[in-house]
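Quick note: the coordinates plus some simple rules give every number you see, no bench work behind them. Since the structure is predicted, the reported quantities are computational estimates derived from the model, not experimental observations. So basically every Cβ, Gly included, is an ideal-geometry build from the backbone, and we count neighbours across all protein chains shown.
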Amino acid sequence: MATAIARSAFRSALRGGRRAPASKRTFASSAGHDDAYETAKWEKITYAGIITCSVLGFINLSKGHHHDEEPPLYPYLHIRNKEFPWGPDGLFERKHH
């Protein structure tokens, strides 16, 4: 053990007293966690969310929906004081003749 310490000191002196670079700093978010594990976890969560939303959307869109009654016909919505040049009906209305 003493020879290992002496050898380390000798190598350090040969390098000009420079020390080895400090170890890489780790941030708190990655401390103790495997990045590949986290990536795989969120990938699974994303796929589960896509499937869940797709199934719920399919169920909601496949159900029948309620149709309200026809709204009352208000006479003031189709007031025509002057004849149109193309005839008595509106331009894009169906002809009832």
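Give, as a single signed number, the net charge of other residues whose beta carbon lies under 14 Å from the beta carbon of TYR37, with Lys and Arg counted +1 and Asp and Glu -1. Around TYR37, the charge tally is -2.
Within the shell of other residues whose beta carbon sits under 14 angstrom from the beta carbon of ILE51, the net charge comes to 0, with Lys and Arg scored +1 and Asp and Glu -1.
For the pair ASP34 and ILE5, label points projected 7 Å from Cα toward Cβ lie 3.8 nm apart.
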